[in-house]
């Protein structure tokens, strides 16, 4: 899932993230192990690449015992593979991407080569290719890819919109009858106490989101959730 780290927390503190983010809280509720493949600023394309990486680097035994939750981000975001990008940590060989959400800000990526060229590249893409049709394609391609992986590998899965999205698609794994996570938070009377600076959920927000999604999971995948020790 994307942006699943409490905004007040250091995203490099895995123990804190896993015990306070809503995916971690969901995994704890069901007694599952939890593996996070999300990264701040990720796009739908990067989500596809990350799931491909996971399938190639995970044993069939674990795949057979897994449950996937995919939080769909903005379809306007894009990512491009950068062989020179170095990512430290558990997934050093995974996150070799440049995200448009980074490149459209004034943020400086320390020691990143060719930053000026990457920013110019992102601007050219925005001018020459970005449009409603490519955004619609991003959304449909991602949902159908995840849905196809679920069917091919028999992995129970829930896809949902993290942000407001009027687009619809018919796929067994996507929840279209539930509000997006952002709409769910905004509808709460206690919204202000659930949001940190920058608009991301704080720890209280993640707790309330987890409780909401647990109900969604039970409604949509009740027959799968009787298994023990599944990995989220």
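The values are calculated or read from the model by the stated rules, or taken from the named source; none is laboratory data. Keep in mind that what you see is a predicted model, and the values were worked out from it rather than measured. Because the Cβ atoms are built from the backbone with ideal geometry, glycine has one as well, and the counts that use them run over all protein chains shown.
Residue 194 meets the conditions (1) in contact with a strand residue (DSSP E or B) (Cβ under 9 Å, 6 or more places away or on another chain); (2) touching a residue at least 40 places away in the same chain (Cβ under 8 Å); (3) over 30 Å from residue 55 (Cβ atoms) in every case but one. The failed one is (2).
The set of residues in the stretch 38-62 that are surrounded by fewer than 19 Cβ atoms within 10 Å (Cβ to Cβ) and touching a helix residue (DSSP H, G or I) at 6+ places or on another chain (Cβ under 6 Å) contains only 48. Is it true that residue 144 is part of a loop (DSSP other than H, G, I, E, B) and either closer than 23 Å to residue 18 by Cβ or modelled with pLDDT of 85 or more (or both)? Considered against the rule, which asks whether it is part of a loop (DSSP other than H, G, I, E, B) and either closer than 23 Å to residue 18 by Cβ or modelled with pLDDT of 85 or more (or both), residue 144 comes out as no. Please determine, by comparing only the residues of the stretch 178-190 that are within 22 Å of the chain's Cα centre (by Cα) and modelled with pLDDT of 80 or more, which one is surrounded by the most Cβ atoms within 10 Å (Cβ to Cβ). Here the residue is 181.
If you check 124, 137 for being surrounded by 12 or more Cβ atoms within 10 Å (Cβ to Cβ) and either at pLDDT below 90 or outside any loop (DSSP other than H, G, I, E, B) (or both), only one passes: 137. The set of residues in the stretch 148-171 that are without any contact (Cβ under 8 Å) to a residue 40 or more places away in the chain and within 25 Å of residue 77 (Cβ to Cβ) comprises 148, 164, 166, 168, 169, 170, 171. Any idea how many residues of the stretch 10-37 are at pLDDT below 80, surrounded by 17 or more Cβ atoms within 10 Å (Cβ to Cβ) and part of a loop (DSSP other than H, G, I, E, B)? Result for the stretch 10-37: 1. Restricting attention to the stretch 152-171, and to residues there that are in contact with a strand residue (DSSP E or B) (Cβ under 9 Å, 6 or more places away or on another chain) and over 24 Å from residue 41 (Cα atoms), which single residue is surrounded by the most Cβ atoms within 10 Å (Cβ to Cβ)? Looking at the filtered set, the residue picked out is 155.
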